[in-house]
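These notes concern the structure reproduced below.
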Amino acid sequence: MKKIITMLMLILSTLSFAAKKLYVGTNAEFKPHEYLENNKMVGFDIELIRAIGKRINKDVELKNIAFDALIPALNTRDIDVAASGMTITKARSEKVLFSSPYYENALAVVYKDGTTVNSLDDLKGKKIAAQLGTTGADLAHKIEGTAVKEFDHSNEALLELQNGGVDATVIDLPVAQYYSTKHPDQHIKFMAYPNTKEYLGLAMNKDNKALQEQINKAIADMKADGEFNTLYKKWFNVDAPADMPVVLDFK
Ligand code: ARG
């Protein structure tokens, strides 16, 4: 009997050491950060969170949901992490925890070559598309006199431009870059929007400080041993900036 109990205890303790699940939410229509390829979610953020999962001994399970549903899903603990090209903003920091920044971002204006949008001034009073709940949508609303059309998915905001429904789309710079190079037939132009530097981070539930610590340590280790740079170079063709802050503080 004693032997059986010892055996059972042994089995139980090994089970508790087995990798636990890490539920990760993303909105996979944001190339190169996250997108679908043959029905599988791929991209820089996806590989980053998988690498982090390995380092903290957790099995990453991805959920593809709407971008503006990510923070509510973190709050209800339907997901543990949002890995979705999410900008670290002051307003969001009041609702969720962020990891160390993993990408230095800026916003861009995407427009069709030959249209009247040739400078930022031309955007005043124009029809602009953006993805719902994003920093791009916030910016579009701030430009004087614009009519902003917001879409659940960033692809739809770009498609609206292609179809002539809007004059321009405001979206993250790397996404604009990828889009214009991958669709040369669309005569798409883009320009970085001045003074929109921001950082992307992984978001977590406000009470999950333990996970935030683990993730930050994994990111720091990946930066130190070169795995971060390898991944960064694979997706963005350049070295990761050496001067990314470790903590973004808005106080
Ligand atoms: N960086 C922008 C923001 O946080 C847009 C992110 C959109 N991400 C996505 N996977 N669609 O507002």
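General observations
- Residues being among the acidic types (Asp, Glu) and out of contact with any helix residue (DSSP H, G or I) (no Cβ under 9 Å at 6 or more places or on another chain) - total across the range 139-163: 2
One line per residue, one yes/no per condition, for (1) modelled with pLDDT under 95; (2) under 20 Å from the mean Cα position of the chain (by Cα); (3) among the hydrophobic types (A, V, I, L, M, F, W, C):
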position: 21; (1), (2), (3): no, no, no
position: 35; (1), (2), (3): no, yes, no
position: 42; (1), (2), (3): no, yes, yes
position: 52; (1), (2), (3): no, yes, yes
position: 71; (1), (2), (3): no, yes, yes
position: 104; (1), (2), (3): no, yes, no
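- Flag for residue 111 being surrounded by 17 or more Cβ atoms within 10 Å (Cβ to Cβ), touching a residue at least 24 places away in the same chain (Cβ under 8 Å) and within 14 Å of the ligand (Cβ to nearest atom): no
- Among the residues listed as 231, 202, the single one being within 16 Å of the ligand (Cβ to nearest atom) and under 17 Å from the mean Cα position of the chain (by Cα): 202
- Candidate set: the range 133-149, residues that are surrounded by fewer than 17 Cβ atoms within 10 Å (Cβ to Cβ) and in contact with a strand residue (DSSP E or B) (Cβ under 8 Å, 6 or more places away or on another chain); chosen: the one farthest from residue 159 (Cα to Cα): 141
- Residue in the range 90-103 that is among the hydrophobic types (A, V, I, L, M, F, W, C), touching a residue at least 60 places away in the same chain (Cβ under 8 Å), in contact with a strand residue (DSSP E or B) (Cβ under 8 Å, 6 or more places away or on another chain) and away from the ligand (no atom under 13 Å from the Cβ) present: yes
- Whichever residue in the range 40-81 is assigned to a loop (DSSP other than H, G, I, E, B) and aliphatic (A, V, I, L, M) and, among such residues, is nearest to residue 171 (Cα to Cα): 66
- Residues of the range 187-197 include at least one that is within 16 Å of the ligand (Cβ to nearest atom), surrounded by fewer than 17 Cβ atoms within 10 Å (Cβ to Cβ), closer than 30 Å to residue 126 by Cβ and in contact (Cβ under 8 Å) with a residue 24 or more places away in the chain.
- Pairs, first over 15 Å from residue 161 (Cα atoms) in the range 121-142, second part of a loop (DSSP other than H, G, I, E, B) and within 13 Å of the ligand (Cβ to nearest atom), C-beta under 7 Å, six or more apart: 132/152; 135/89; 139/193; 139/196
- Screening 59, 78, 68 for residues that are surrounded by fewer than 18 Cβ atoms within 10 Å (Cβ to Cβ), within 12 Å of the ligand (Cβ to nearest atom) and touching a residue at least 12 places away in the same chain (Cβ under 8 Å) leaves exactly one candidate, 68.
- Residue match in the range 31-39 (condition: at positive phi, assigned to a loop (DSSP other than H, G, I, E, B) and free of Cβ contacts under 8 Å to residues at least 24 places away in the same chain): yes
- Output for the range 162-179, where each listed residue is within 22 Å of the chain's Cα centre (by Cα) and either surrounded by fewer than 24 Cβ atoms within 10 Å (Cβ to Cβ) or within 14 Å of the ligand (Cβ to nearest atom) (or both): 169, 170, 171, 172, 173, 174, 175, 176, 177, 178, 179
The values are calculated or read from the model by the stated rules, or taken from the named source; none is laboratory data. No experiment lies behind these values; they were computed from the predicted model shown. Heads up, the Cβs are rebuilt from the backbone with ideal geometry, glycines too, and the neighbour counts pull from every protein chain shown.
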